[in-house]
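Chemist: Right, I'll just put the structure down here and ask away after.
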Amino acid sequence: MLVSGSEILLKAHKEGYGVGAFNFVNFEMLNAIFLAANEAKSPIIVQASEGAIKYMGIDMAVGMVKILSNRYPHIPVALNLDHGTSLESCQRAVEAGFTSVMIDASHHSFKENLATTKEVVQYAHSKGVSVEAELGRLMGIEDNISVDEKDAVLINPDEAEEFVKQTQVDYLAPAIGTSHGAFKFKGEPKLDFARLQEVKRRTNIPLVLHGASAIPDYVREAFLATGGDLKGSKGVPFAFLQEAVKGGINKVNIDTDLRIAFMAEVRRIAKEDPTQFDLRKFFAPAMEAMKRVMVERMGILGSAGKI
């Protein structure tokens, strides 16, 4: 059943677990997300970025989610716009049928971010749609969002409290040291859990962890075994994800893991059988590989068995 993001995340907030928010760019990725949720008996948030919407078409993105929601009516699912860059982008998503939108104005000043977020909240709430915002800045690249390391700034708990109070945003993504993409840490992984706990205490709303792909060893090894190159990438360790959930994270964004797992299988089949050109022979195993990653993650975050 397609529900608002708040309906899923307020329950997670109250009961102290995390819900995976999985990005998709095609039917195979989306289908794998629903298959995983069905197997793990977990609520889910499915996400499309502006880049994904441009690739699929917003009507196709919404249409596929609605069809799969009808196929699995027992699964609570929210459709979220990931990293919306403007009020207009968020409005288009709401009008198209998204049940949650993220406005990412974190690259602006605190004052501008607050004002833009407030506008989005007022519009979205009038339509029954939940809103996510971001404070602080993450390193890395996600579609058209690029932030150099020198510009990365961790969230200020004082600002977080004021921001939530003034905007009435439903959930907040605090920058605590993660980054987008596959290259999250230069040295040993380190997240500011004390800062996270203080933000949770000050805001008392669901919090979001961006850049949360873990790149498990079996996913990495499968990709490398086919000649892939991840150039020393580092993900967020499972123990860190669990600690983040204990500290107040309720929505955990995952994209890179799914892409790597998918492509590892496509590459494997292409390498093992160079004569193969039946797309189903590539995509069925790729969906199964993604499903394995997500079922495992749902268990780690604590959302498995919550439906």
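Chemist: Which condition number in (1) in a loop (DSSP other than H, G, I, E, B); (2) within 30 Å of Val164 (Cα to Cα); (3) among the aromatic types (Phe, Trp, Tyr) is the one that Phe277 fails?
Modeler: (2)
Chemist: While we're looking at this one, here's another question. For the stretch 207-219, check the following and say yes or no: at least one residue is over 17 Å from Phe22 (Cβ atoms), open to solvent by less than 50 Å² (accessible area, probe 1.4 Å), assigned to a helix (DSSP H, G or I) and in contact with a strand residue (DSSP E or B) (Cβ under 8 Å, 6 or more places away or on another chain).
Modeler: no
Chemist: Are any residues in the stretch 75-117 more than 16 Å from Ser130 (Cβ to Cβ), outside any helix (DSSP H, G or I) and not hydrophobic (A, V, I, L, M, F, W, C), and if so, which ones?
Modeler: Selection gives Thr85, Ser86, Ser106, His107, His108, Ser109.
Chemist: Any idea which residue in the stretch 117-136 is farthest from the chain's Cα centre (by Cα), counting only those that are within 27 Å of Leu191 (Cβ to Cβ) and of a type outside the set (A, V, I, L, M, F, W, C)?
Modeler: This residue is Thr117.
Chemist: Go through (1) farther than 24 Å from Ser42 by Cβ; (2) aliphatic (A, V, I, L, M); (3) in a helix (DSSP H, G or I) for Ala244 and report which single condition fails.
Modeler: The one condition Ala244 does not meet is (1).
Yes/no per residue for (1) within 23 Å of Val295 (Cβ to Cβ); (2) open to solvent by 10 Å² or more (accessible area, probe 1.4 Å):
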residue: Ile45; (1), (2): yes, no
residue: Lys54; (1), (2): no, yes
residue: Lys66; (1), (2): no, yes
residue: Arg71; (1), (2): yes, yes
residue: Thr85; (1), (2): no, yes
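Chemist: Is it the case that Val46 is within 30 Å of Thr167 (Cα to Cα), of a type in the set (A, V, I, L, M, F, W, C) and not in a helix (DSSP H, G or I)?
Modeler: yes
Chemist: Step by step: first the residues of the stretch 176-227, then only those that are of a type in the set (Asp, Glu) and modelled with pLDDT of 80 or more, then the one that is nearest to Val131 (Cα to Cα). Which residue is that?
Modeler: That would be Glu198.
Chemist: The conditions are (1) outside any loop (DSSP other than H, G, I, E, B); (2) touching a Lys or Arg at 6+ places or on another chain (Cβ under 6 Å); (3) of a type in the set (Val, Ile, Thr), and Ile307 fails exactly one of them. Which is it?
Modeler: (1)
Chemist: Sticking with this one: Do we find that Ser49 is modelled with pLDDT of 95 or more, buried (at least 23 other Cβ atoms within 10 Å of the Cβ) and under 16 Å from Glu132 (Cβ atoms) in this structure?
Modeler: When the stated conditions are applied, Ser49 passes them.
Chemist: Give me the pairs: first residue in the stretch 159-180 and farther than 23 Å from Ile254 by Cβ, second residue open to solvent by less than 10 Å² (accessible area, probe 1.4 Å) and among the hydroxyl-bearing types (Ser, Thr, Tyr), beta-carbon distance under 8 Å, and six or more apart or on different chains, which are they?
Modeler: Once the first residue is farther than 23 Å from Ile254 by Cβ and sits in the stretch 159-180, its partners that are open to solvent by less than 10 Å² (accessible area, probe 1.4 Å) and among the hydroxyl-bearing types (Ser, Thr, Tyr) give Phe163/Thr117; Thr167/Thr117.
Chemist: Quick check: anything in the stretch 272-291 basic (Lys, Arg), within 22 Å of Gly177 (Cα to Cα) and out of contact with any Asp or Glu (no Cβ under 8 Å at 6 or more places or on another chain)?
Modeler: So far as the stretch 272-291 goes, no, none of its residues is basic (Lys, Arg), within 22 Å of Gly177 (Cα to Cα) and out of contact with any Asp or Glu (no Cβ under 8 Å at 6 or more places or on another chain).
Chemist: Output the residues belonging to the stretch 26-49 that are out of contact with any strand residue (DSSP E or B) (no Cβ under 7 Å at 6 or more places or on another chain) and in contact (Cβ under 8 Å) with a residue 60 or more places away in the chain.
Modeler: Within the stretch 26-49, Glu28, Met29, Asn31, Ala32, Leu35, Ala36, Glu39, Ala40, Lys41, Ser42 meet the criteria.
Chemist: Here's a follow-up. Looking at Ala264, Ala284, Ala270, which one is crowded, with 21+ Cβ neighbours inside 10 Å and farther than 30 Å from Ala133 by Cα? Can you show your working first?
Modeler: Details: Ala284 fails: crowded, with 21+ Cβ neighbours inside 10 Å; Ala270 fails: crowded, with 21+ Cβ neighbours inside 10 Å.
That would be Ala264, the only listed residue that is crowded, with 21+ Cβ neighbours inside 10 Å and farther than 30 Å from Ala133 by Cα.
Chemist: Of Lys41, Lys54, which residue is touching a Gly at 6+ places or on another chain (Cβ under 6 Å) and at pLDDT 95 or above? Please lay out each step first, then the result.
Modeler: Numbers: Lys54 fails: touching a Gly at 6+ places or on another chain (Cβ under 6 Å).
Just one listed residue meets the conditions, Lys41.
Chemist: Pairs please, first residue from the stretch 55-76 and within 19 Å of Gln91 (Cα to Cα), second anywhere and in a helix (DSSP H, G or I) and β-branched (Val, Ile, Thr), Cβ atoms under 8 Å, 6+ apart in sequence or on different chains.
Modeler: Once the first residue is within 19 Å of Gln91 (Cα to Cα) and sits in the stretch 55-76, its partners that are in a helix (DSSP H, G or I) and β-branched (Val, Ile, Thr) give Ala61/Ile53.
Chemist: Say we look at the stretch 115-169 and pick out the residues that are of a type in the set (D, E, K, R) and modelled with pLDDT under 85; which of these is surrounded by the most Cβ atoms within 10 Å (Cβ to Cβ)? Write out each step before concluding.
Modeler: Initially, the stretch 115-169 is screened for residues of a type in the set (D, E, K, R), giving 118-119, 127, 132, 134, 137, 142-143, 148-151, 158-159, 161-162, 165.
Right, trim to modelled with pLDDT under 85 and you get 137, 142-143, 148-151.
Values: Arg137: 19, Glu142: 23, Asp143: 18, Asp148: 9, Glu149: 10, Lys150: 7, Asp151: 11.
Out of the qualifying residues, it is Glu142.
Chemist: Pull up the stretch 277-295, narrow it to residues that are charged (D, E, K, R) and in contact with a helix residue (DSSP H, G or I) (Cβ under 9 Å, 6 or more places away or on another chain), then point me to the one that is farthest from Arg220 (Cα to Cα).
Modeler: Checked the stretch 277-295; the qualifying residue farthest from Arg220 (Cα to Cα) is Lys281.
The values are calculated or read from the model by the stated rules, or taken from the named source; none is laboratory data. Every value quoted in this text rests on a predicted model; they were computed, and no experiment measured them. Because the Cβ atoms are built from the backbone with ideal geometry, glycine has one as well, and the counts that use them run over all protein chains shown. These accessible areas exclude ligands, DNA and RNA; they are computed on the full protein's heavy atoms, side chains included. Shrake-Rupley method; radii C 1.70, N 1.55, O 1.52, S 1.80 Å.
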